[in-house]
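As structure tokens, the structure follows; a few thoughts come after it.
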Amino acid sequence: MGVLNLGAVRDALVCPRCRGPLAGPLPDGLRCTNSACGLSTEAFPVVAGQPALLDFEQSVVVREQLSARAGTSVVERHGRHGWLGPIRRLATPRNHVAERHAALLTRALAPAERRALVLVVGGGTVGNGADSLYSDPTLDVVGFDVYASPFTTFVADGHQIPLADSTVDAVWVQAVLEHVLDPARVVAEIHRVLRPAGLVYAETPFLQAVHEGPWDFTRFTESGHRWLFRAFERLDSGLVAGPGLVGSWALEHMVRGWTRSRPAGQAARLSTSWLAALDRFIPEPLALDGASCVFFHGKRSERVLTPREIVAHYRGAQRPSGG
């Protein structure tokens, strides 16, 4: 099905600041209808044909910069196609974990009385392993990011998702939460826009070098990631990539530092990409303690995990004696 057009979600759109309804023609006339809201005085800007539903005063996105770049990302984006595509695929292992959970999510959302709506947070590019969500004919997909792309429906900030409460059936947030200032607030927004028992799949790095420069803020252990999603019932969580990939990435940055050369670092990473294949021989508890990336797959809940429960949740290899 691909990404829905804006008109398909028009009735669910709200003001990012006050969550009041929006009025006006699509896409260039959308404005907040709450006269008491500071964002009601003018229409939201439009970039690349998509409304930028942002509260710029509360976002790292700069309005003038977004307009000057015609909605494109301030970070250089590399697709998986073109002559560099095969090289990038060699250096980046196929994400079987995401593929498996995309299939699980699709089956769980199988059509009943209505089509399921999936929201992709940070959906400016299609995540590694997420392709099936976009090609499945039974799903409707809405994507947003802080920049416009062919895979986004509107431009927005995950700290203030411009959708009404309980409007989506599932949220996919992959390699995003390290790039937000307040991950807990973004997860709270995900919880808010999900319908009761709605599903979420998230991937976030643990041991990875800085990427996207000044827009990279946070890392999570598997337990820390579970605590972040403490208002969700756990269906599954664990390892996406382990110490082998950590070693390859570390060597890339070591060589890059020695040589002051980014291409030299990338060549080092490519030459050691086989290390990731060795992760399958590492017991999961040990791999989790040295993970490159972890995931959480869960269901929206009204019950919140307790501090004692998160300590008991720890699944690594460093359990205390008698624990």
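The values are calculated or read from the model by the stated rules, or taken from the named source; none is laboratory data. Since we're looking at a predicted model, the values are computed, not measured. So basically every Cβ, Gly included, is an ideal-geometry build from the backbone, and we count neighbours across all protein chains shown. Protein only, heavy atoms only, side chains kept; ligands, DNA and RNA dropped before computing areas. Shrake-Rupley method; radii C 1.70, N 1.55, O 1.52, S 1.80 Å.
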Would you check if there is a residue in the stretch 27-45 being part of a strand (DSSP E or B), open to solvent by 50 Å² or more (accessible area, probe 1.4 Å) and either touching a Gly at 6+ places or on another chain (Cβ under 6 Å) or among the polar types (S, T, N, Q) (or both)? yes
Test result for Gly127, under 16 Å from the mean Cα position of the chain (by Cα), at positive phi and surrounded by 18 or more Cβ atoms within 10 Å (Cβ to Cβ): no
Just to verify a result, which residue in the stretch 196-213, among those that are out of contact with any strand residue (DSSP E or B) (no Cβ under 6 Å at 6 or more places or on another chain) and assigned to a strand (DSSP E or B), is most open to solvent (accessible area, probe 1.4 Å)? Pro196
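Yes/no matrix, rows are residues, columns are (1) acidic (Asp, Glu); (2) more than 17 Å from Gly158 (Cα to Cα):
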residue	(1), (2)
Ser40	no, yes
Gln50	no, no
Phe56	no, no
Glu64	yes, yes
Quick count over the stretch 8-25, residues being in a loop (DSSP other than H, G, I, E, B) and either open to solvent by less than 70 Å² (accessible area, probe 1.4 Å) or on the phi > 0 side of the Ramachandran plot (or both), is 6
Qualifying positions in the stretch 214-256 - within 28 Å of Ser73 (Cβ to Cβ), assigned to a helix (DSSP H, G or I) and open to solvent by 40 Å² or more (accessible area, probe 1.4 Å): Pro214, Trp215, Trp249, Ala250, Leu251, His253, Met254, Arg256
Residues to consider are Ala36, Ala43; find the one that is over 21 Å from Arg63 (Cα atoms) and not basic (Lys, Arg). Ala36
Scan (1) part of a loop (DSSP other than H, G, I, E, B); (2) in contact (Cβ under 8 Å) with a residue 24 or more places away in the chain for the single condition Val120 breaks and write down its number. (1)
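Okay, residues lined up against (1) at pLDDT below 95; (2) in a helix (DSSP H, G or I); (3) hydroxyl-bearing (Ser, Thr, Tyr):
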{"residue": "Leu54", "(1), (2), (3)": "no, no, no"}
{"residue": "Ser67", "(1), (2), (3)": "yes, yes, yes"}
{"residue": "Pro93", "(1), (2), (3)": "yes, no, no"}
{"residue": "Tyr147", "(1), (2), (3)": "no, no, yes"}
Please pick out the residue among Ala110, Ala98, Ala170, Ala102 that is among the small types (Gly, Ala, Ser), over 21 Å from Glu212 (Cα atoms), under 15 Å from the mean Cα position of the chain (by Cα) and not in a helix (DSSP H, G or I). Ala170
Kindly list, by first and then second residue, each pair from a residue in the stretch 18-35 that is without any contact (Cβ under 8 Å) to a residue 40 or more places away in the chain to a residue that is of a type in the set (D, E, K, R), limited to pairs with Cβ atoms under 6 Å and residues at least 6 apart or on different chains. Gly24/Arg31
Any residue that is of a type in the set (S, T, N, Q), open to solvent by 70 Å² or more (accessible area, probe 1.4 Å) and without any contact (Cβ under 8 Å) to a residue 24 or more places away in the chain - is there at least one of those in the stretch 299-316? no
Can you find a residue in the stretch 265-280 that is β-branched (Val, Ile, Thr) and open to solvent by 60 Å² or more (accessible area, probe 1.4 Å)? no
Filter result for Val187 (assigned to a strand (DSSP E or B), crowded, with 22+ Cβ neighbours inside 10 Å, out of contact with any Ser or Thr (no Cβ under 7 Å at 6 or more places or on another chain) and modelled with pLDDT of 95 or more): no
